[in-house]
Structure formats: structure tokens, C-alpha cells
Amino acid sequence: MFNIPNNLRRGMSVALAIVASMTLAFPTAPSMTAADHAEATLVAADPGADLADVFAFLDPNDNSKVVLAMDVEGFVVPSEMLNLSFFAPDVTFRFEIENQGGTRAEHTIDVTFSPQTSRSTPQTATIKLPNGSTFTAPTTLPTLNASPNPFTVTTDPASGASFFAGLTDDPFFFDIVGFNRFVGSVLAGSPDVTKLHRDRDSFAGYSIHMIAISVPASMLKGQPNNACFGTNGPTNCIGINGVTLRHRIAERESNGTVVSEGSLVQVDRMATPAVNTALIPFKDKNEYNASTTADDASGKFAADIVGTLRALGTDSAHIGILASVAVTHGDFLRLNLDRSNTSIGVVGNANLSGLIGPGENITTPGYTGFPNGRRPGDDTINTLLFLIANSNAAVQETVNQNDVPLGTTFPFFAPPHQPLENPAVDGTQN
Amino acid sequence: MLRIKAPSISWPSVIVLSLCLLLTSPTGVFAHPMGNFTINHYSGIHIQSGWIEIRYFIDMAEIPTFQELQRSGLAGRLDDPKLREYLSSQAQTFLDGLETTVNGTPVKLRLVSQAVIFPIGAGNLPTMKLGFVYRRELSEDCQTKPCQLNYEDTNFRDHAGWKEVVVVPGAGVSLSGSTAPARDKSAQLSNYPTDLINSPPQQVKAQANFSFSNSLDAAPGSSSIPNKNAPTTETHETSGDGQGMGQGSDSGGAKVRLTPNRQGSPRNPFTELIGTQEVSLGIALLAALISAGLGALHALEPGHGKTIVAAYLVGSRGTAKHALLLGMIVTSAHTAGVYLLGAITIYAQKYILPERIYPFLGVLSGALIAGMGCYLLLQRYLGADFSHKHDYSGVTNRELSSDIARRRSGKVSARQLVVLGITGGIVPCPAALVVLLSAVAFHRIVFGLYLIVAFSLGLAAVLIAMGMITVYAGRVMSRLHLEGPFIQKWLPMGSAAMITFLGFGIALRGLTTAGLLHIRMMR
Amino acid sequence: MVQVDKQQSRMNLNNGSLGRKLILQYGGLFVFSVAVAYLAVWASTSFLGNRSIPPASPLPSDEAANRQTILFLEERTKTDPEDFIAQNKLAGYYLQQVRETGDLTYLKLAAHASEISVNTLVPEHNLDGLAELTQVELTSHEFIAARKHALQLIELQPDKSYPRQMLGDALVELGEYDEAKKAYWLMEQFGGVQGLTRVAIEQRLARLELLRGDPRTATEHFRKALRTALAGPAPQRETVAWCRWQLGETAFSTGDYLTAEQHYRDALVTFPNYFRALASLGRVRAAHGDWSGAAEQYEKAIRIFPDPSYVAALGDIYHLLGREQDAADQYKLVEAIARLNLVAGNLYNRQEALFYADHDIHLEKAYQNAVQEYAIRKDIYGADVVAWTALKAGKLPESEAAIKEALKLGTRDSKLFYHAGMIAQAAGDRASATSFLKQGLDLSPEFDPLQARIARKALAALTEGNANAAN
């Protein structure tokens, strides 16, 4: 009983709706055999190498350690976890580290994963540190039980590095639709801040694939330099850039294994949040993902970034601030190792007591977060909005906290969301 | 001779116009979740103090019903003598597929009541809804400690459909955990949600822990099933019309009552007329009557220039005859449009795709209407003083000579009427087109053409009536002698502006559909 | 070989130098060993290596998890219809449900979800929304719209594989085979060698090879798809079953009924009650002459999903079993389904047209149906339906033109050859008719329980006629 479907698009006002109903497209309803025999499997994009966020911060429990994290492949629904819990074995997950104040990283931390053989066997991660030493660690598997599996954290006695990889709650909080509408309103000439007040966290309730490593700060320290945000005089400043890479050539053997060879090619990169998604025009996004921090510093994307900011009404002073964060020294997360940090970015240290609280932003008293590195709880969006709006505290998004309490110890993220008996009561602010 | 006695005021017309606008929100017509081949299940498990009842409904769509009627040799009517036996055997077959246990022991349910109805579905094919009530006393002691019920409906396993299980505690029974909800979402398969934001539930199992409260008539082993010794009642509901106006869903009790779905099968009765087997004179007349009625109903739906008709008449202070004329022109244009597009579709389909024509028709009409609206707007803007009384010199005679005067005074012009009527009606509605093409497919071309004429007549009638209402309402209001520049000038201008606006909209819509224009809105 | 060598050396002894004798002797041995080695490698890679596909084993069903996921996402969209991420994921899950259950209710739900998503945020910020919309259009057979949106997606994501998969799919259905080949070539360039993308790529390459008349290579691609699907850590039941089923279909099309049956049974081990495999198992049982076994399988399939082609086939089987009333019932059911399609406003249905033509009823209507559909979907199978219905409706010139179109890719399909043969016979071209019918029957002798008989009779008559003419 398929009615003649209405192929209308709803972009017009009610008056035009009358008109729209006059010019219906020719009706075609699906026949019983529309879903044919010969249709191939639905197309799939393997999202395994698209970076979502990168974090870099001093361990609030022990400032002699630096915590680095990157996550990929989010929007995992609780009951999807068993199918979507593995890391792509043909991808190299790399933290680029710059510690001379320059524009190109000098060191790397590389993480690769063994293929996953079954849903109940963890993968083995191989971590290669800047000094060349390596160690291995298992991933943490998810479960569909009411309680999540505890995080498996592996510590390498030789280097003092700790490692975790597995599904966690997605720590990001942001209203994608509201933000886009707000930007649209600004570009259209009539900025409407109320569009940021939709109060819907697009990321609440979902889990994401997280890789986190904690290393002694001494392993990453280089030359004191001026590259960090808000510093007077040289500090022990390091820059972190998250990168994913694949080998140039991948061959499939007849027994099904895949052998990768050839040089590594960059697939995606990420450091400062929202740069690529909000400031780079669509036509240049792919190029941005394939470019390096040296390209940034040489001004390759300066015109794009500055152009977008100008269109959003940012004044020169604030353009300068933002440029200093993401362009001048390349797009790195710059972390000042000398600056003490006792929080992971939730106001009042609530997170370290295991409670939910609003994320800190640049207007929070005693703020030591983004753009000084990036902590899991930092409200990076409101910090950026504040700066883009020329230090205007009125331009803020009402989605300003994660939906669940973050962790109190390394890796400092919340466990993944477990399936609920009644999916309606998931308590998310979505 | 047509005379306008006084300037017409259009407050009611404005109201009518606004109503038209309000009624045209494109909610779309979403079919309800029962596809043509689904078999829908409902299990209502009522746990009573000392006994248990299961109300089990199966709602079959057209194709499974067809198959079932073939298999069992039934006629799909309530007066079929084989029905009683069929029901009894089905009652047992279904029961065999319901695995019910309490504390691990199977419950030997007994049939208490059965019913069937055959509501008519799409294509005039019957659907079938079966209902059974099973009961059994419980010998377990569920008072001192809770008992556990396990239920699984294994009938028609793997067959697509809407599947619900609910567990409802009766008086003196407390549930301490149930995997099934207490309320269903379909009013026992008679009122399905149509909002397309929910996929059909797929619940066939339930587990519940329950206990009997401390009360006199809850002694274990006491059989307190009402009418326990009454013979199995069989009820055949006689609501076989299937038009979907049920009085209410099954409300419990030993007798099961079935009601047809409120959604029915959203079938277009017009297209179904084409499928009738023989066309006798009686059927032909009846079909024509129905088509006309449907055309009338269709005219009330958005489209076909009603707005433009009303707007024009509002602004031009037309008379009843104008309304009549306009209505007829729209209708003829519509009929011609359907025939034309049908002919093109059938004979020129190798070269021209129907989908491609539609948008351009829209662009053409839209441009003409917009042009017309602009013209009227200018006319009314520039038009000078109006006096109370105007001599209207007639539509057909002295058109040329009075043209200027008429234009100035903003009266109705025959040419304008014709242009407006044609352009308003020329875009044929897909329903009529489908009828025509279906008729061709069924080799009933003449019958199809005939039905479309009837349809268009019904359409005409309503349009004319609406035009009349506009005109007479205006006349009524004019007796109140409301005047002023608003009435004299701005309202007619407003209506002309509306026509222009709508015309642009139609044209724009056509351009967008044709893919020549992309409107991207970053909202 | 050694003896030849001896003889040769004897000859050489007789002729001349020892050196030449040695060269020939050892040279021959060398060549021989190389040849053997080459044969061994070739055999192992093309026969042993490739024939080995993993044995079938049951896979866990994701039904419950999918249900939970759908409920989760539906709750989100109820709270916030503008949650386009949830709408996109929902559309994807709904489409998967269409594949697994055949219930087109889910297609409507998917269309609704993707439409809301696309209207919430423009494609630049919502590529998944556009992708789901395109997929919905493909599944709904709105190929022109799907092509348009796939092109738009390619513009937005030129270096990804999946938009080209979708474009290629639309183009194949529209009959634009050269363009489809280009699209699929690019699909591979951007595709990578593992994961679900690879499975999707191999399936499409297989389809292309089938159309071009190379079932062997197609089988290779399906095998690769199957192996890749099984190699992942969480193989999807329906995907694996589908690949095995397609291997079966390809084997059936070349007359290898034993292999086909094995594949169908393997599919059912992976996914019990996979209705496509059940129906195909019925067909292959019929090919063995096991009418009652065939009926049993078709009945099982129809209980789950009453696809009109299954119903028609069951009718044919009943007819062959002598159960005429049951056969008539099935044919009536096919007509009821056709009527429901018509009432729903869907005027294009080539399955229906084929059914009518095969059973010699409603011939003019069948032809009209076929022509109407071919106007917007010019693939070779559309041309075939036009040809067959035209022949039955007595329109010989139209059928000749159409069958030429249908055969243009060189597809090796017994039904196409059978139709071509019958058309040639009607046109009086006995030589071509004999050749086509023979070709079709050689390829897959039991391609259809009823039609294959007709083909055999016709061929017999022709050969007899030819023999008589020769005398």
C-alpha cells in the first residue's frame, strides 16, 4: 500500500507550499521487487583513519608526565560496540612532536595495531617512542553488559610510558547544527546568537576509538622557545600534531592477509580543534588534511583562515591571536611544560571527584587549558567563539559540558556507553 | 448583463484565502506501517490472580490473506460456512506456536473466544484480522514467592510485520519486572502510528516476574476464571466494511472484539475504479458519480488555482458568473492538461520523459501567472478613483472598447479570466494522470477518459462553489458599506501581489525541479 | 621423455658431437622441468588456491544488536529531529533491514530519515546525509536521481571510493555501461584492499564481469569478496550469505548445478532461512528434476517473503507436479501482487511483464509495461523484456531490434539466448535460431523449469527441420 510519494522539498514558505503542491514530480512508488536480487552490499566508507580530536596536557596528578591522546571513528552506538571496536591495522597513528619552536616536528610517537582476529580477542598495539624503543600493549575490548570492561593500561618499565587504546565515551561536546546555523547567520549579515542556544549535544551518548599515551615530560622536552600561547620569554614549549598515515602500496596475498609496503602517506591530521571543520573552506579541506605544519607556517592556508575570520567579523587583533595558535608556527597544539596544571578542564576540578561539570574556557579564572595544549574537559568551542567574536563573552554555546563525568586517572576519559534496557532513558542532553 | 452594484469587500474572502493557505501545509501522505505482505502480531498477556489470559491477534495484509484464503479454501466473507472450522483449527495452530511457561512448566492454555474480520484493503483485496482469547488457571503458588512467566510467539517466524507483546497485571497482581511494556502502540493492531519516526516493533518474547497479593480470592489452585464452564463462544464481528472507523479497540472480557485499522490501506479509490472487472451501465454511472465526488474532494486539496481564483475574484470584485466561468475554465484546462500529458506519455515516451515535462509546465504557468499578477498590480496601483456604482458592460460584447475603462476600474476582464483559468488549471494532478495511464494499462482507455471527465466536473463544481462563496460573501459584506482606501485600493493590490508572488513561486519551483536552479540555504 | 632423449642422443651419436647430445639431453630436461614447475604453479593458483573458499559456518546474528541500535537512534530523533547524525545512521540501518527482511516499510523509513537529514544541513557539512539519500534512491530504483546525487557526492569527495560505487550502480541500471566501467575503475583506484569497501568493490566488479559475459572472472571477484568479508573481525551474516548466494547464482548460470547447490546450502549455514538462498535452492532442486524438493524450498522462501518471481516459479513447479489447482492459485497471487503495485501507482515492473509473457497472458499489457520501463531504464535486461514481450505480442520487428540491444554486451545468460532463439525462429532465420537455442541450453540446460522445456522442444523441431531440409 504505497501511496504516491511526495517528492517535495520543503525549502519554501507556506505560501509557496501551495505552489509546491501544484507541481508534483511524476509519481513512482517502489514495487515489491524494488529491493532486487542483484544489489551489492551497501557501500561503506571505512572511517578508520579520520581523526576526530587530539589532546595534549600535563597529567594533573603528576605534572612530570605528559598525556597525549587522539581519537578516530566516533558516533558508535552502544549496541554497535562489538562490531565497531577495532582499530584499522593498516593505519599508523602518529603523534608528531616539535620542541625547538620551529614549524616542523622533530620527533614522533607511532602506534600501529595488529589485525583483529575475532570480537573477543584484543588487538596488540606496538608503540614506538622518540628514542626508538618500542613496547607492545593490548587494546581494551568493549562488552554489551550493563557495566563496561575496566580500562587496560599498560606501563613500559623501561621508559615509564603508559598506554591505553579502546572505546571510550566521546569527550567532545558540541552542537553541530546550531553552530552551522550561527555561522550561516553571521555570513548572511545578521548574526543570531540564539542559534547557539539549541542546547543539543550532537556527541552525547556516543562512544569513540581512543588512543592515549602518557610519557615523562623529559622524553619530549627540547629547547626553550617562544611558540606557546600567552608566554613572555622562552618556555619549555612543545607542539603536538596528530597524524594518520597509510603505506603507499597495499597488497592482498592469496591467503587473505594484506601486506603494506612503500613509504607512508598522510591521510589526515589534526591539532587545533575546529580549524579544518570551521575555518577552511570545503574545497580546501582535503588539501589541508594532506598538508604539513611547515605548509601552515609558510602561509599556505593563511588566506583561507584569515578570510573566513574576517567574514565572521573577527578584528585584526583577534585574527592575530588565532593565527598565532594555528598558523604562525604551524598548526600544533602547543603545550607549555613549565606551566602547572591541576585539572583536566572541568570547572572546580569536579572531574577529579568524578562529577560532571561545565568545561573550563579561556574566561575561567586560573585557566591553564586550550590553547595551552588541550585537556579532555576544555570547552574549546566556547574559547574559540570568544576569540572569534573579539573577546565577546555573549557569544557562547550553551552546550558546555560533557554528558558523563570524565576519568580521574590516566587515560582521563569516561568509559564507553553501555546499552541500556530502555534506550529512551540514556540521560543524554541530545 | 453583469452588474456590480457596489464595491465588494473581501473579509470573508480573506478568511477563506487564509484557510486555503493554512490547509496547504505539505504534511505529505505517509502510509501506515502495514505493507502489502506483512503479518502483524499482538500478544496481550493478562496475568490475573490465579489465572492467566492471552489475547492473541494476527493481522494479515493483502498478500498473506490471499495466500491463506487460497490455502484454506475460504471465500473471505463472514458468511462462509467453512469459517467456523477454519477458526477453530487456526486457534489450535497458533496456540501450538505460543510457548508459554510459568516457572518452567508449560501452561496448557484453552481457547475461550475467537473472532475474524475481513476489512477490504488495497486493490479491493481483503485483509484478515484474527483474534483469539486463551485462558488457564494457574496452580503455582505465586503468593509466597514470585513466579516467572516466559512467553514466545513463534508463529510466522521470520515473516516481516509489526510484532508486539504486552504484559498487563490484573487486580491483586504485582509485577516485579517485565521485559515487555504494559501498553501497546497500536491499540491492538487497529491504530498504527503513521509518523514514520518509528520502525515496527519486533518483540516476540516476554519474561515477567509476578506475584499475587494477599487477598481472599487468590488462594492457589482456586479457579477464578470467569465463565469457566461456559462453552467456547464464537463471535463473528460483522464490521466488514473496512472503512476504518472502528469504535474502539478490544477492551477485554471473554469475548474478543476486532476492529479494522483506522489507517486502512491508504488506497486511492479513484485508481481502484479502473480495476473493476465488468463495466455495466450501472457501474459506469456509479463510477462517474464516485469520480465526480472524488474530484470534488480533490479540489479541496491544495492546488488547482483555488488560491488564484479566490485572490483574483477578491481583487476584481467579480460576480457569480465570473466565478462560474473561472471555475469552468480551470477545469477544462485541467482535463486538457491530463489528456495532453497522458497522450505525450503514451506515444512519445521514447523521446520525452514525463518527469521532464512537469517542471517546464510549472515554469510556463508560473511565468504567465506572475505576468498576469504584475499587470493587475500595476493596473490597480495606477487605477484612479473608484465610484460606488459601476456599469459592467458584459464579458463578451464591447470588450475592446470598454477595455480601458475596465482596466482602470479594476473590473474583471474576460481575457484575464481566461488566461488565469488556463494557467491555474493546466498543471494536471498526478492522481488523474495515474488513472489515465492505468486505464490504458487495463485496456479501458475510453472508460478512463470518461472517468476523468467526471472527475473534472466534480472539480469544477467545487471551484465554482468556492468562487461563488467568495463573490457572495463579498456582496454581503459590501452591504455594510465599508469603504476606504484599504478596501478600494490596497486589498485588490494585495490580492494582485499575491497572484504575482504565487506565479513566481510556481515558476521557481518548476525551475528547481528541472534542476536549472539550485537553491542552497545554509540554515 | 627420457626415451625420446635416448633416441635423440642415439641420433646425435649417429650424427655427430657429444656436446650437442648433452645440450639437447639436459636442455630438454631443463625445459621439461620448467614446464612442469609452471604447470604446478598455475594449477595451484588457479585451481587449488582459488577454489578454496573458507568452509561455511554459522555466524552470530546481529538482529538483537541492530534492533537496539535502531531503538537508540529513534529515541534520539524523536527528541531532536535535527540530529542529522542519528538520522543518517538510521537510514543506513533501515536500508540494511530492507535487504535482510525484504520489507519495504523500512525503505520508506530510510527515505524519511535521509530527507530530514539533507534538509537539516547542507551536503558540505553533511556528506553522509547525501550518501544515504543516494543509497535510498538506488534501492527505490530512482536511478536518475541517484545518478545526479552520486555525481554531486563525487564532486564533494573526489578521492573516495564509495561515491563512485554508487554512481556505477546507477549507471549500470540505466544501461550506461561504458560510463559505469569508468566509474568502477575509479572506485577501485580509491578503494584500498581491505575492509567493507573492498567487499563492496569486488561485488561490483563481479557484476560487471557477469554482464560482459565472463562468469569465470566474476566468480573470482565474488570469491575475493567472500574472503574479505570473512577476514574481518566481525563478519556480517547477511553480507557473507549474500556473497555465497551470488557464487551459487553464477555457478547456476553456467550449468554447474552441483556447485551452485553447495553454495546455496553454505549460505543457509551462515544465515538460516536466508530467503534468497532458499528460493535459489528451490530452483536448483528443480534443475535436478526434484520437483517436490523444489516446491518445499520455494514454499519456505515465500513464507518469509512472497517475492512474485518465487511465487511464479512455485506455480510452474506445481504445474509440473500436476497440481494444477495449486499452480493456478500461485498465478492468481502473482496477478494480485501486480494489481497492488498498480494501485500503488507503480507502473514499472519488468518481473511482471516477464511473467505474463512466459505464461502467455495479458500480452499487450506486458509489452506496454516493458516499453514504458525501458524508456527510463535502458539496461540490457530491460531490452530483453521488451524483446520477449514484443515477440509474444506479435511485434516482431520491435522484438528483433530489442534483442539485439540485449545481447550487445555479450552476456552469457541462457534466458537471453533462449529469447534470441525464439525471436530468430519467428523471423524465419532457422540457422540463428538453432545456434542461439543450442547456446542457451548448452550453457545452463535447466535455466527455467518451464521455459527450458519449450526451448528444447523448439530446438528439436528446428534440428529435425534442418535435417529434413538437408535431405
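Values in this text are rule-based calculations from the coordinates and carry no lab data. Owing to the predicted nature of the structure, the values given are computational and were not obtained by experimental measurement. Here the Cβ positions follow ideal geometry from the backbone for every residue, glycine too, while neighbour counts run over all protein chains shown.
Going by a ≥ b ≥ c, the root eigenvalues of the Cα gyration tensor, does region A:155-274 fall in the rounded group (a/c under 1.5), the prolate group (a/b larger than b/c) or the oblate group? Taking the square roots of the gyration eigenvalues as a ≥ b ≥ c, region A:155-274 is oblate. Relative contact order, whole percent, for region C:129-288 stands at 13, derived from Cα pairs under 8 Å and 6 or more residues apart. Distances between placed amide hydrogens fall under 5 Å for A:D53 paired with A:D71, all partners being 5 or more residues away or on another chain. Backbone amide hydrogens, once placed in the peptide plane, bring A:F370 within less than 5 Å of A:R375, excluding anything fewer than 5 places away on its chain. Charged neighbours of A:F410, selected by a Cβ distance under 14 Å, balance to -1 (K, R count +1; D, E count -1).
Sequence-ordered 3J(HN,Hα) estimates for region A:176-184 from the Karplus curve with 6.51, -1.76 and 1.60 and θ = phi - 60° stand at 5, 5, x, 5, 4, 5, 5, 4, x Hz, glycine and proline given as x. Farthest towards the positive end of the charge dipole of chain A, among the residues A:L42, A:T121, A:T314, is the Cα of A:T314, using unit charges on the Cβ of Lys, Arg, Asp and Glu.
The phi-based Karplus calculation (6.51 cos²θ - 1.76 cosθ + 1.60; θ = phi - 60°) puts the 3J(HN,Hα) values of region C:378-387 at 9, 8, 5, 6, x, 4, 4, 5, 4, 4 Hz, whole numbers, x for Gly and Pro. Based on the Cβ-Cβ distance of A:E251 and C:A469, what FRET efficiency does E = 1/(1 + (r/R0)^6) give at R0 = 41 Å, to the nearest 0.05? Step by step, r from the Cβ atoms, then E = 0.10. Each residue of region B:136-142 was assigned a 3J(HN,Hα) from its phi angle through the Karplus expression (A = 6.51, B = -1.76, C = 1.60, θ = phi - 60°), giving 6, 6, 9, 8, 6, 8, 9 Hz with x at Gly and Pro.
Projecting the Cα positions of C:A390, C:P215, C:A426 onto the charge dipole of chain C (unit charges on Cβ atoms of Lys, Arg, Asp and Glu, taken about the Cα centre) puts C:P215 furthest along the positive direction. All alpha carbon pair distances within region C:424-471 were sorted into 5 Å bins beginning at 0; the resulting P(r) in whole percents reads 5, 22, 31, 24, 12, 4, 1. Answer rounded, prolate or oblate for region A:367-410, using the Cα gyration tensor with square roots of eigenvalues a ≥ b ≥ c: rounded when a/c is under 1.5, else prolate when a/b is larger than b/c, else oblate. It comes out oblate by the Cα gyration axes.
Given a Förster distance of 25 Å, report the FRET efficiency between B:T154 and B:K108 from their Cβ-Cβ distance, rounded to the nearest 0.05. Computed FRET efficiency for B:T154 and B:K108 comes out at 0.90. Each other residue within a Cβ distance under 10 Å of B:L130 adds +1 if Lys or Arg and -1 if Asp or Glu, for a net charge of -1.
About its Cα centre, chain A has a charge dipole of approximately 560 debye under the convention of +1 per Lys or Arg Cβ and -1 per Asp or Glu Cβ, with nothing else charged. Ranked for footprinting exposure by Cβ neighbours inside 10 Å, fewest first, B:W162, B:W490, C:W388 give B:W490, B:W162, C:W388.
Full extension of the chain between A:H197 and A:S353 gives 53.3 nm of extra length, using 0.36 nm per residue less the Cα-Cα distance.
With no solvent and one point on each alpha carbon, what is the Debye value of log10 I(q)/I(0) for chain A at q = 0.09, 0.12 Å⁻¹? Values, matching the q order: -0.62, -1.05. Taking only the alpha-carbon positions of chain C and ignoring solvent, what does the Debye formula give for the base-10 log of I(q)/I(0) at q = 0.08, 0.12, 0.14 Å⁻¹? For chain C, the Cα-only Debye profile gives -0.57, -1.15, -1.51. Toward the positive end of the charge dipole of chain C, about the Cα centre and with charges on Cβ (Lys, Arg +1; Asp, Glu -1), which of C:L171, C:A455, C:N466 goes farthest? Comparing the listed Cα positions along the dipole, C:N466 ranks first.
Simple point charges give the picture: +1 on the Cβ of Lys and Arg, -1 on the Cβ of Asp and Glu, and for region A:307-404 a dipole about the Cα centre of about 180 debye. When only Cα pairs below 8 angstrom with a gap of at least 6 residues are kept, region C:58-144 shows a relative contact order of 25 percent.
Note on C:H419, C:H359: ascending count of other Cβ atoms within 10 Å places them as C:H359, C:H419, the fewest first.
Amide H to amide H distances under 5 Å link A:A161 with A:D156, where only residues 5 or more positions off or on other chains count and H is placed in the peptide plane. Along its first, second and third principal axes, ordered by size, region C:307-445 spans 39, 37, 24 Å in Cα coordinates.
Exposure proxy shown here: for C:E100, A:E360, C:E261, the number of other Cβ atoms within 10 Å sets the order, fewest to most, as C:E261, C:E100, A:E360. Here chain C is treated with +1 on each Lys and Arg Cβ and -1 on each Asp and Glu Cβ, and its dipole about the Cα centre works out to around 1940 debye. Computed from the C-beta positions of A:D284 and A:T328, the FRET efficiency with R₀ = 25 Å rounds to 0.85. When you restrict to C-alpha pairs under 8 Å that are six or more residues apart and normalise by the size of region C:44-201, the relative contact order lands at 13 percent.
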